[in-house]
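One structure below.
The values are calculated or read from the model by the stated rules, or taken from the named source; none is laboratory data. Since this is a predicted model, take the numbers as computed values, not measurements. Every residue, glycine as well, gets a Cβ built from its backbone with ideal geometry; the counts of neighbours run over all protein chains shown. Keep in mind that these areas ignore ligands, DNA and RNA; they rest on the heavy atoms of the full protein, side chains included. Shrake-Rupley method; radii C 1.70, N 1.55, O 1.52, S 1.80 Å.
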Amino acid sequence: MKELRLKLRFITPAFIGGPEISSAELRPPSIKGMLRFWWRAANAGKFGLNELKLNESWIFGDASGNGRVSSFLIRVISDRLNNNLSKDNFPRNNYALYTVKGHRLNILEYLAYGTYSYDRTQRRNVFEREYIKPGLSFELFFSLPDRAESKEVIQELYSALAAWSCFGGLGSKSRNGFGSFAIENADGHPLLAQLMQLSPASYFKKLLYNTGLPEFTAFSNKARLFKTRQVFSSWDACLARLGHVYREARLSIENKHNYELRQYIGAPIIVNKTQYSLLGRRAKPYFLKVYKEKDGYAGYILHLPSHYYLGDNSSLQPS
C-alpha cells in the first residue's frame with residue numbers, strides 16, 4: 001500500500017457533526033464528501049456528464065448499486081480534538097457588529113445561522129452545536145493499493161485537494177467561511193508538496209477552461225473570484241469583513257421585505273421562521289474562504305454560477 005499524509009490546521013471554527021449533531025467530530029466520510037464535491041467542480045469542463053460520473057465513481061466509489069469501491073482509504077488522526085471543542089460565543093469586536101432596529105448584532109453569528117438559539121434569560125444567542133476551535137491540527141492519511149493506476153489516482157486526489165484547500169472548508173456552514181483550514185505539511189508524493197505553494201488567485205485561473213454555463217455548481221469561464229484588499233491580523237476580522245460584504249450584497253438585490261430574487265442565491269430561504277421558495281432546494285453558489293498567508297489572513301469570495309431548474313419546467317435559469 002502507498003500512503004500519503006497531509007497535516008492540516010483549522011483557521012476558523014468548524015461545525016462538524018458526528019452521530020450526535022450537537023457534538024463535533026472529524027470523520028473520514030465528511031472529508032471524502034468534500035473531496036468528491038471539489039473534484040467534480042474542478043473537472044466538470046474536462047468530460048461529458050456520463051464520463052464525469054464514471055471517473056468520479058472510479059476515484060471515490062459508487063454507492064448506487066454498481067458496487068464500485070473507492071480507489072483510496074482515508075484515516076483521520078487528531079489527538080487534541082476533545083480539548084479543542086467549544087460552545088463559546090464568537091469574538092464581539094466592533095468590526096464584527098452591525099445594527100438592525102437599534103440592536104447591535106454579530107456578523108459572525110449571521111454567518112453561523114442555524115447553529116444556535118436565542119436564550120431569553122441570558123438575552124443572547126447560545127450555541128447548540130459544538131464547534132472545533134481554530135488552531136487545531138489534524139492529519140489525513142490516504143492509503144492507495146500498489147497498482148499501476150495509483151499514479152492517476154494521486155493526480156486526481158491532487159486536483160480535489162487543490163480546489164478544496166484554496167476555496168473550501170469542512171463541515172456545516174463551510175460555504176460561509178467556517179471550517180477553513182491551511183495545509184501545513186505533505187508527505188508521500190512530490191505532487192502533494194505543491195499544495196502548500198498554491199494561492200487561490202493563481203489556481204483559480206487554471207480552472208476556467210469550461211466555456212459553457214454548467215448544469216451544476218462547477219468552475220467555468222463565468223466563475224468569479226473576489227479578494228479582500230486588506231490582509232487581516234485575525235481570522236475573525238477577516239471573516240467579519242467577508243460577512244459584511246456578503247450580507248450587504250444579498251440585501252441590495254431587492255427592496256426590504258421582498259424575497260422573490262433572494263431565493264436565486266440559495267433556496268429555500270427563511271422568512272419569519274418559515275421556509276419560502278418557488279424553487280427546489282438549491283445550495284448557494286457563493287463560497288467564503290479565509291486563507292492563511294504569510295502576513296495574516298486574506299478573504300476570498302468565489303462565485304460558481306450554474307443553471308437553475310424551475311420545478312417541472314424544462315427551461316433553465318442562470319443562478
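Say whether the condition of being in contact (Cβ under 8 Å) with a residue 40 or more places away in the chain, farther than 30 Å from residue 154 by Cα and within 20 Å of the chain's Cα centre (by Cα) is met by at least one residue in region 62-78. No, region 62-78 has no match at all. What about residue 33, is it in contact with a Lys or Arg (Cβ under 7 Å, 6 or more places away or on another chain) and either in contact (Cβ under 8 Å) with a residue 60 or more places away in the chain or among the small types (Gly, Ala, Ser) (or both)? Considered against the rule, which asks whether it is in contact with a Lys or Arg (Cβ under 7 Å, 6 or more places away or on another chain) and either in contact (Cβ under 8 Å) with a residue 60 or more places away in the chain or among the small types (Gly, Ala, Ser) (or both), residue 33 comes out as no. If you check 156, 184 for being touching a residue at least 40 places away in the same chain (Cβ under 8 Å), among the acidic types (Asp, Glu) and not in a helix (DSSP H, G or I), only one passes: 184. Residues in region 136-147: is at least one crowded, with 16+ Cβ neighbours inside 10 Å, of a type in the set (Ser, Thr, Tyr) and at pLDDT 95 or above? Looking through region 136-147, at least one residue is crowded, with 16+ Cβ neighbours inside 10 Å, of a type in the set (Ser, Thr, Tyr) and at pLDDT 95 or above. Restricting region 214-245 to residues that are more than 10 Å from residue 95 (Cβ to Cβ) and hydroxyl-bearing (Ser, Thr, Tyr), the residue that is least open to solvent (accessible area, probe 1.4 Å) is 220.
In the condition set (1) under 30 Å from residue 220 (Cα atoms); (2) of a type outside the set (Ser, Thr, Tyr); (3) open to solvent by 60 Å² or more (accessible area, probe 1.4 Å), residue 37 is compliant with all but (3).
The set of residues from region 31-70 being in contact with a strand residue (DSSP E or B) (Cβ under 9 Å, 6 or more places away or on another chain) and under 18 Å from residue 207 (Cα atoms) comprises just one member, 35.
Table: residues versus (1) touching a residue at least 24 places away in the same chain (Cβ under 8 Å); (2) β-branched (Val, Ile, Thr); (3) in contact with a strand residue (DSSP E or B) (Cβ under 9 Å, 6 or more places away or on another chain); (4) part of a strand (DSSP E or B).
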residue	(1), (2), (3), (4)
218	yes, no, no, no
225	yes, no, yes, yes
263	no, no, yes, no
280	yes, no, yes, no
287	yes, no, yes, yes
292	yes, no, yes, yes
299	yes, no, yes, yes
305	yes, no, yes, no
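Among the residues of region 97-123, those identified as more than 21 Å from the chain's Cα centre (by Cα) and hydrophobic (A, V, I, L, M, F, W, C) are 97, 100, 105. Taken over region 206-216, the residue count meeting the criterion of being touching a Phe, Trp or Tyr at 6+ places or on another chain (Cβ under 7 Å) and touching a residue at least 24 places away in the same chain (Cβ under 8 Å) is 2. From the set of residues in region 187-200 that are open to solvent by 30 Å² or more (accessible area, probe 1.4 Å) and under 19 Å from the mean Cα position of the chain (by Cα), which is modelled with the highest pLDDT? Filtering first and then ranking leaves 199.
Comparison of 209, 203 shows that the only residue that is over 22 Å from residue 71 (Cα atoms), open to solvent by 10 Å² or more (accessible area, probe 1.4 Å) and at pLDDT 95 or above is 203.
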